[in-house]
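Shown next, in structure tokens, is the structure this report addresses.
The values are calculated or read from the model by the stated rules, or taken from the named source; none is laboratory data. What you see is a predicted model, and the numbers here were worked out from it, not measured in a lab. Counting neighbours? That spans all protein chains shown, and the Cβs are built from the backbone with ideal geometry, glycine included.
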Ligand SMILES: CC(C)(COP(=O)(O)OP(=O)(O)OC[C@H]1O[C@@H](n2cnc3c(N)ncnc32)[C@H](O)[C@@H]1OP(=O)(O)O)[C@@H](O)C(=O)NCCC(=O)NCCS
């Protein structure tokens, strides 16, 4: 494993959601790349708001994808919430989503991070069904699904193809 997947606590999501990279940098033992300032703040704000309401969501919330050697955040990965929170309302399934920063792509990081996160969910909480979705034109994400063994369910939700993996 080349990566760690540390949870991003409320204070960190708060700083990132406010586009305050300097404050965020004081909260973590790894480097935050400048590209984070241009990242989609909405996802950090959404997860921050959810955690503020319910701290029990933390293990299912946002995690940094951190390269172990020369520790730096190379992306982020999260579940939409605990099992049952997913695009098709499958009660036992956990839905995940991934982003790797542009300069760090095509090194297998998204695939490795997703595998690691699903392994955690199975080992710690017995989750055996995973959901993910992407748009039909997202070749990189489609390939990540394929490498992980996800298959299309045939459903389309808000323009996104739904995939699932059972283990
Ligand atoms: C999707 C994303 C997370 C992939 O991250 P990554 O770390 O580069 O993924 P991996 O290296 O594990 O795998 C990417 C695979 O897609 C392939 N790929 C990348 N761009 C591609 C393209 N334009 N066409 C075809 N294949 C492509 C890579 O070659 C690789 O496959 P390979 O290992 O067989 O060579 C990243 O591109 C990203 O963050 N995109 C923007 C956000 C996003 O779309 N997130 C997903 C929303 S569902």
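Selection of first residues in the range 129-152 that are more than 13 Å from residue 95 (Cα to Cα) and near the ligand (Cβ under 7 Å from one of its atoms) and of second residues that are assigned to a helix (DSSP H, G or I) and modelled with pLDDT of 95 or more, restricted to Cβ pairs under 6 Å at least 6 apart or on distinct chains, gives the following pairs, ordered by first then second residue: 144/110; 144/111; 147/111.
Restricting to the range 95-111, name every residue that is surrounded by fewer than 17 Cβ atoms within 10 Å (Cβ to Cβ), near the ligand (Cβ under 8 Å from one of its atoms) and part of a helix (DSSP H, G or I). Passing the criteria: only 102. Among the residues of the range 151-162, those that are touching a helix residue (DSSP H, G or I) at 6+ places or on another chain (Cβ under 9 Å) and closer than 10 Å to residue 133 by Cα comprise 152, 161.
When residue 155 is tested against (1) assigned to a helix (DSSP H, G or I); (2) surrounded by 14 or more Cβ atoms within 10 Å (Cβ to Cβ); (3) more than 14 Å from the ligand (Cβ to nearest atom), only condition (1) is not met. Checking the stated criteria, residue 63 turns out not to satisfy the condition of being closer than 24 Å to residue 111 by Cα, within 16 Å of the ligand (Cβ to nearest atom), part of a helix (DSSP H, G or I) and under 16 Å from the mean Cα position of the chain (by Cα).
Considered as a group, the residues in the range 66-94 that are over 23 Å from residue 129 (Cα atoms) and crowded, with 21+ Cβ neighbours inside 10 Å include one that is nearest to the ligand (Cβ to nearest atom), and that residue is 75.
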